[in-house]
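Participant: The structure under discussion is supplied below as structure tokens; questions concerning it will follow.
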């Protein structure tokens, strides 16, 4: 059970955001730079699989649209340009759809695939800034990875539920203008949750204890997740750099969590 020795509220956006500068400097030191190889490999794999998937979808969908409008075969005049326009439109829609889908699930895809790397990176970051060491067996480490995957799955399902709710709320006058902003902060919160939880699992927090901790420090989580989310929504650049940004986010989350524990003195009673 978690014992809260202090009720002082020190969690805010500044803790989550300001930790990025320290994390970024730390990542490019010889001790941590080796971790940059992992998102590079991941980018190559995602780029190859994504292009293969798009190529396999575009041609069948394009042929279906042209067949539906009786435009297959050689065309002349206006029909020729209409055919070219529709083919280009299909290509653009597939590309845009892939990008939108990647914004929503791409972050969690990266988090899931790189979960073992994050576990090592977060532990190494904490050891560097505080000197804390943890004796972890292979069994415990594998459980930590499994727990991280459960947290990521929980977060993406909850975020999906919020996205559906915000979609319907967007049709309400006045409120609809606020839904994109609200959804952005919700997304940032859940990303921050995923990044910070690596520090909590090392302290043997149960999932419900992690949830309570994150709710009480929600603005720190939002601050941490905001930087990552802002980068992720940048066209082309965002998805490419998301893997690298996630490394900084995990390190920043570890630094933020350490500040919270120092200020609030959280402990666990076994």
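The values are calculated or read from the model by the stated rules, or taken from the named source; none is laboratory data. Predicted, not measured: the structure shown is a model, and the values here were computed from it. Neighbour counts are summed over all protein chains in view; Cβ atoms, including those assigned to glycine, are modelled from backbone coordinates with ideal geometry.
Participant: Output yes when any residue across segment 75-85 is more than 17 Å from residue 160 (Cα to Cα), modelled with pLDDT of 75 or more and surrounded by 14 or more Cβ atoms within 10 Å (Cβ to Cβ), and no when none is.
Facilitator: Scanning segment 75-85, I find at least one residue that is more than 17 Å from residue 160 (Cα to Cα), modelled with pLDDT of 75 or more and surrounded by 14 or more Cβ atoms within 10 Å (Cβ to Cβ), so the answer is yes.
Participant: May I pose another question? Please go through segment 139-154 and give me each residue that is within 16 Å of the chain's Cα centre (by Cα), surrounded by 13 or more Cβ atoms within 10 Å (Cβ to Cβ), closer than 11 Å to residue 201 by Cβ and at pLDDT 75 or above, ordered by number.
Facilitator: Result: 151, single match.
Participant: What about residue 209, is it in contact with a strand residue (DSSP E or B) (Cβ under 6 Å, 6 or more places away or on another chain), in a helix (DSSP H, G or I), closer than 26 Å to residue 259 by Cα and at pLDDT 85 or above?
Facilitator: yes
Participant: Something else: Give just the number: which of (1) closer than 20 Å to residue 99 by Cα; (2) surrounded by 18 or more Cβ atoms within 10 Å (Cβ to Cβ) does residue 164 not satisfy?
Facilitator: Only one criterion is unmet by residue 164, namely (2).
Participant: Within segment 102-138, can you find the residues that are modelled with pLDDT of 80 or more, closer than 16 Å to residue 39 by Cα and in contact with a helix residue (DSSP H, G or I) (Cβ under 7 Å, 6 or more places away or on another chain)?
Facilitator: Within segment 102-138, 113, 114, 115, 116, 117, 118, 119, 121, 122 qualify.
Conditions tested, residue by residue: (1) surrounded by 18 or more Cβ atoms within 10 Å (Cβ to Cβ); (2) closer than 30 Å to residue 129 by Cβ.
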| site | (1), (2) |
| --- | --- |
| 27 | yes, yes |
| 30 | no, yes |
| 36 | no, yes |
| 67 | no, no |
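Participant: Also, quick follow-up: Let me spell it out: the conditions are (1) in contact with a helix residue (DSSP H, G or I) (Cβ under 8 Å, 6 or more places away or on another chain); (2) modelled with pLDDT under 90; (3) farther than 14 Å from residue 256 by Cα, and residue 35 meets all of them except one. Which number is the exception?
Facilitator: With respect to (1) in contact with a helix residue (DSSP H, G or I) (Cβ under 8 Å, 6 or more places away or on another chain); (2) modelled with pLDDT under 90; (3) farther than 14 Å from residue 256 by Cα, residue 35 is out only on (2).
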